[in-house]
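Working notes, structure below.
Any read-out appearing in this document is the output of simple, stated calculations on the displayed coordinates, not a laboratory observation. Model, not experiment: these values are computed from the prediction. Here the Cβ positions follow ideal geometry from the backbone for every residue, glycine too, while neighbour counts run over all protein chains shown.
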Amino acid sequence: MTGTRAKPAPTAPSANAPKTADAPRAPEAAGPAVEAPAPAGAPAAVERGAGGRRRPGTLRAGLIGLGAMGRNHARILSSLEGVEFVGAVDPAGDPHGSLRGLLGAHGVPVLPEVADLLALGVDYAVVACPTGLHEEVGLQLAAHGVCALLEKPLAHTAQAAHRLVRAFEERGLVAGVGHVERFNPALQQLRSRLEAGELGEVFQVVTRRQGPFPHRIADVGVVKDLATHDIDLTSWITGAAYASLSARTVSKSGREHEDMVAVVGSLVDGTMVSHLVNWLSPLKERFTAVTGERGCFVADTLTADLTFHANGAVATEWEALRAFRGVAEGDTVRFAFPKREPLAVEHERFRDAVRAGQAAEGCGIVTIREGLRTVEVSAAVLESARGMSGLAVPHDAADLSGAGGANTGTGMGGTRGPHAGAVLDGGRAGAGGTGGAGREAAATAGTAPALLGPEAGPAPGERGASVRRTAYVAERTA
Ligand SMILES: NC(=O)c1ccc[n+]([C@@H]2O[C@H](COP(=O)([O-])OP(=O)(O)OC[C@H]3O[C@@H](n4cnc5c(N)ncnc54)[C@H](O)[C@@H]3O)[C@@H](O)[C@H]2O)c1
């Protein structure tokens with residue numbers, strides 16, 4: 001996307017006059033009206049609304065949604081250089097009661113509807129309402145010629161994301177997506193080092209994003225809410241799109257959507273990827289490891305640390321080790337670099353893109369098209385998990401070893417063998433797993449196969465087939 005009208009040069013940060021909190025602000029009467037930086041195709045006089053007077057060189061910005069994430073956006077917007085924070089929208093007011101002081105000090109009214117914000121006249125808005133509302137709110141902004149930084153994920157479905165892309169692109173508006181991990185200093189460092197070839201060929205990207213359930217609206221599951229961070233960052237650091245994937249999800253917390261996912265896939269350049277993401281762990285981690293020819297980078301985006309574990313280069317005289325022809329442990333380096341708050345950097349980049357009227361890839365923001373691709377990959381993750389596609393693996397040690405009759409319980413519900421002693425041993429069969437004791441009991445009685453998943457695996461009497469499939473898996477993975 002290119003070609004919005006050239007903007008006046010930025011000036012010092014606007015010193016907002018005190019305004020009344022929680023009430024719509026009257027249009028500013030004083031000061032010369034500066035022509036708004038109307039995006040191509042957007043008639044500025046109409047789009048900016050009645051109150052669209054702008055201080056010279058500043059952009060007028062609004063915020064939609066004052067929840068857990070919106071509060072952080074409010075903090076950044078209220079001190080962002082070259083930006084006048086003119087209003088916030090939340091039908092619940094200030095739901096956490098924590099913004100009254102901040103918004104009051106900056107004279108930012110809290111408005112009940114997006115239309116009220118549009119009436120104040122804004123150049124851009126940050127959209128931090130629940131994901132299921134991104135489409136409706138985004139389309140409203142686009143229709144009024146307002147640029148938007150939409151929180152991730154761009155939308156709750158790929159179709160909705162497509163509609164948003166069309167709406168903003170048709171009007172030549174700058175639109176970005178809040179995949180804030182891209183602005184984490186650890187990942188920025190990692191990406192630069194990969195680009196510089198420090199790792200050589202990249203073999204694999206592994207991410208883990210685990211933690212407890214967030215206290216907020218859960219209108220989408222963990223795949224769209226959290227795994228979209230991993231999908232976006234993986235493509236971004238490697239510069240390669242996803243080519244294929246396979247996934248499993250579970251829903252353990254009684255909510256409508258999945259709360260745990262495991263994804264295995266590959267990128268178009270052959271890099272192998274895996275993501276473990278959930279809302280079910282008391283352990284909070286944000287882990288990215290990239291393994292390649294020369295070693296392994298590990299980024300921790302909670303602490304913004306980046307560590308490099310180099311392959312060993314020291315020759316050994318130890319005969320037993322010399323016979324080993326794999327990778328050896330070398331030096332470990334933890335890098336020192338400046339650490340700025342990722343959200344502040346995200347806002348600065350978006351402000352600059354709106355000023356420049358540029359939202360092409362490489363302009364420093366996560367473009368709306370990149371946001372769309374991520375939603376599409378997340379939809380593929382859910383589709384794969386629904387289909388439970390994959391190869392069944394025999395779970396009976398008799399099948400694998402030919403010994404027959406062994407107690408082969410694996411400890412994972414639904415994956416034990418068909419022998420009564422194995423399945424019912426200690427009454428623990430199925431606990432905590434995906435299969436459950438019922439199916440295992442049926443398998444024991446020979447009435448149903450004990451499978452990895454409800455649809456997978458051979459029917460009774462098909463043991464030979466399952467062994468053949470195992471051989472196939474072994475060949476493919478050798
Ligand atoms: N980038 C990140 O790291 C990150 C982190 C958390 C959340 N998010 C995203 O931010 C968005 C909001 O998440 P959250 O955690 O703040 O949720 P939240 O439930 O805490 O807050 C949502 C807020 O939106 C308000 N709201 C509801 N309908 C609205 C409407 N029509 N107009 C304006 N406001 C409305 C609610 O009253 C609530 O205050 C989601 O899309 C989420 O995925 C991103």
Check your understanding: Given a Förster distance of 35 angstrom, what is the FRET efficiency for Phe203 paired with Ala68, based on the Cβ-Cβ distance and rounded to 0.05?
Key -> 0.45
Review point. Label-point separation (nm) for Asp269 and Gln159, each offset 7 Å from Cα along Cα-to-Cβ?
Key: 3.5
Exercise for review: Report the extension gain between Thr307 and Ala328 in nm, rounded to one decimal, defined as 0.36 nm multiplied by the number of residues separating them, less their alpha carbon distance.
Suggested key: 5.9 nm
Practice item. Compute the label zone of Phe335 within the stretch 292-308: residues whose backbone N is under 12 Å from the point 7 Å along Cα-to-Cβ. Key: 297-300, 305-308
Check your understanding: What is the fewest-to-most order of Ser389, Ser235, Ser274 by other Cβ atoms lying within 10 Å of their Cβ?
Key -> Ser389, Ser274, Ser235
Review point. Check Ala392: other-chain or 5+ apart residues with amide H under 5 Å from its amide H, H built from backbone geometry?
Key: Gly457
Revision key, fill the gap. For the stretch 45-180, shape from the Cα gyration tensor axes a ≥ b ≥ c, cut at a/c of 1.5 then a/b versus b/c, turns out oblate
**Study point:** Cα→Cβ-extended label distance, 7 Å offset, between Glu170 and Glu136, nm
**Key:** 2.0
